[in-house]
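Notes for the one structure printed next.
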Amino acid sequence: MGDMQQIAVPGLPAGLAVRALSSALGAELRGLDLSGPIGRDTVRLMRSLLHEHCVLLVPGQALDEAQQVRFGECFGRLGRTLGTFDILRNVHPAIMYVTNEKADGKYIGALPDGEMFFHSDTCYVEHPCVATMLYAMKIPSSGGDTRFANQYAAWDALPDAVKRRIEGLSAVNTYEPGGTDNYAVPISRSRPTPNARTWAHPMVLTHPGSGRKALYVNRLMTEYVVGMPRAESDALLGMLFDHQEQARFVYAHRWTPGDVLIWDNRCVLHARSDFDAGQERKLRRVTVDAEHTEDALQ
Ligand code: SIN
């Protein structure tokens, strides 16, 4: 972390500093307090850093639920959680706790423990969320890192023959709420539930903000290529999963309580490394379903 490169931002207000998180992706913005009002110029700055670097970290925050929701709303319309966690009834509907914390013997949130394969949030619905934000509250002494893989770079690095082969193809993504507590196997191998959600998306996505192409498949949720024999589809997807997760495309974030980190699900996959289930881990999540247009920021 110590050797992160400074990023030059023309007109950056005094007191703010921007640095690269890694050579793969990510920017860190220091010097902000997100608990109070956030001016439009700051929103524009964060939005452009997010578009350019795919992941934006703002460390050192102390946010309650309402403050995090208000900050999330700077980026766009927030999503609603799936609502499967009874105990969360009193929580703001845009908030989901990613935690292994329990109350009365029951998990109070979602995705409690263990490794998670790379994925893109809500890629199993017609209109997936465009961005996800986590606020770190309790972090185990080791492990539980969130890893981010740059899918612009993964696409750019594919051989031309593979690019030609997959452009125009779609793949089916699946998620089974409550169908598994093991996110280190493909979701399609978990037990089927009546709640299974599934949607076919183009395997190559053109980002509406940057116009750049990104690979849009993932090991956790992408099941098969539409219209392709299953064995051929499995081989193609297996090759793409191995390609897109290479270390050269990945940044592993070691959380510090107070970190606020937002990523763009259209050009970044994320995964989680395993950690000791006996240690508490708690992050507060909101998702952005639709970004504000430039006009809305005027
Ligand atoms: C998620 O996939 O949304 C959770 C990531 C994490 O727990 O690090």
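The values are calculated or read from the model by the stated rules, or taken from the named source; none is laboratory data. In this text the structure is predicted, and so the values were computed from the model without any measurement. No Cβ is skipped: glycine too gets one built from the backbone with ideal geometry, and neighbour counts run over all protein chains shown.
Quick notes
- Residues satisfying the stated conditions in segment 138-169, i.e. away from the ligand (no atom under 12 Å from the Cβ) and crowded, with 17+ Cβ neighbours inside 10 Å: Ala149, Asn150, Gln151, Tyr152, Ala153, Ala154, Trp155, Leu158, Ile166, Leu169
- Meets criteria (within 30 Å of Ala62 (Cβ to Cβ), β-branched (Val, Ile, Thr), crowded, with 23+ Cβ neighbours inside 10 Å and more than 11 Å from the ligand (Cβ to nearest atom)) for Val250: no
- Residue pairs whose Cβ atoms lie under 6 Å apart, separated by 6 or more positions or on different chains, with the first residue in segment 210-236 and acidic (Asp, Glu) and the second surrounded by fewer than 21 Cβ atoms within 10 Å (Cβ to Cβ), are Glu223/Val172; Glu223/Ser188.
- Within the option set Met116, Met133, Met137, Met203, being of a type in the set (A, V, I, L, M) and touching a Leu at 6+ places or on another chain (Cβ under 6 Å) holds for one residue only, Met203.
- Test result for Ser273, under 17 Å from the mean Cα position of the chain (by Cα), among the polar types (S, T, N, Q), on the phi < 0 side of the Ramachandran plot and surrounded by fewer than 19 Cβ atoms within 10 Å (Cβ to Cβ): yes
- Residue match in segment 134-156 (condition: over 23 Å from Asp181 (Cα atoms), over 19 Å from the mean Cα position of the chain (by Cα) and either in contact (Cβ under 8 Å) with a residue 60 or more places away in the chain or not in a strand (DSSP E or B) (or both)): yes
- Segment 50-67 - residue that is among the aliphatic types (A, V, I, L, M) and in a helix (DSSP H, G or I) and, of those, surrounded by the most Cβ atoms within 10 Å (Cβ to Cβ): Leu50
- Asp113 within 21 Å of Leu220 (Cα to Cα), more than 15 Å from the chain's Cα centre (by Cα) and buried (at least 17 other Cβ atoms within 10 Å of the Cβ): yes
- Test for Glu294: is it farther than 23 Å from Asn150 by Cβ and free of Cβ contacts under 8 Å to residues at least 40 places away in the same chain: yes
- Residue match in segment 19-34 (condition: part of a loop (DSSP other than H, G, I, E, B), at pLDDT below 95, in contact with a Cys (Cβ under 7 Å, 6 or more places away or on another chain) and of a type in the set (A, V, I, L, M, F, W, C)): no
- Verdict on Arg70 being of a type in the set (Lys, Arg) and surrounded by fewer than 18 Cβ atoms within 10 Å (Cβ to Cβ): yes
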